[in-house]
Every structure is written in C-alpha cells, then in structure tokens.
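No value in this document is a laboratory result; all are computed from the given coordinates. As the structure is a computational prediction, the values presented were derived from the model and not from experiment. As a convention, Cβ positions derive from the backbone with ideal geometry for all residues, glycine included, and neighbour counts pool all protein chains shown.
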Amino acid sequence: MGVGIALMNQNIVKELQTYLLKTKNNMEQYIGQIQQFPYNFPPRDWTFCHGQLLDINRYTALFSLLGTTYGGDGIHNFALPDLRPRDAHGALIDINLGDTYEGKPYMETCIALEGIFPSRG
C-alpha cells in the first residue's frame, strides 16, 4: 500500500512540474513590471527595488524604459526605484519577511529585468 501512495505522489509531482513549466512559458512578465513577492530572494530575471545602480550596457531595454528617473549618471548606470517601506520622515523601516506592515504581511517589491518589451501606444 505504501508503494502505491509513493507512485501516486511521484505522478502528482511530475504533473505539477509540467504545469509550472507551461505556466511560466505562457505568463512571461513585462520588462520593468513591478510586483511583490513573499520571498527573501528575487525570482529569476527579477531584482529587488532597493534603489541600486545597474549597468546600462547590461540592461539596455530596462534603461530605455526608466532612464535616469530614479538616479544614475545616464552614461554608465541608472538606478531602480527604492520601494522599501519608510516612516513619515523618510527613514527606512527595519522590517523582515513574515512581519506585518500596515496590517498586512510584508512582501519584497521586485522589478522584472527581462521579459516582453511593452508596446507604446
């Protein structure tokens, strides 16, 4: 009886993996899309919105959308928005995943580095 359950669980895992692969391929994000995730790491092709500088040569498509709106010199680098929570005076709030912020579970805000270039028009 235990072997039958193990085989059934393996089949469920295989079906789930197949579904996730199909879903990922059908639901590609837009470059520059901002989304919250409940992880302490950014998913593949995403990075945290912590105001960091990125190299223009490496992220040309994202730079064409953001420019130097959030900082950077516009020649070698550009900055991402800093969307970490702040207090009324603008100081960063020390908060971790699992904590609550404004009555909701805190999640990291990320921006897509790769994906579909959004159409204009």
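Summarising the amide proton neighbourhood of residue 108: residues at separation of 5 or more, or on other chains, whose placed amide H is nearer than 5 Å comprise 37, 39. By other beta-carbon atoms within 10 Å, ranking 50, 89 with the fewest at the front produces 89, 50.
Were the residues from residue 33 through residue 70 laid out at 0.36 nm apart, the gain over their Cα-Cα distance would be 11.8 nm.
Across the stretch 80-92, rounded Karplus estimates of 3J(HN,Hα) from the backbone phi angles (6.51 cos²θ - 1.76 cosθ + 1.60, θ = phi - 60°) give 8, x, 9, 9, 6, x, 10, 7, 4, 9, x, 7, 5 Hz, Gly and Pro being marked x.
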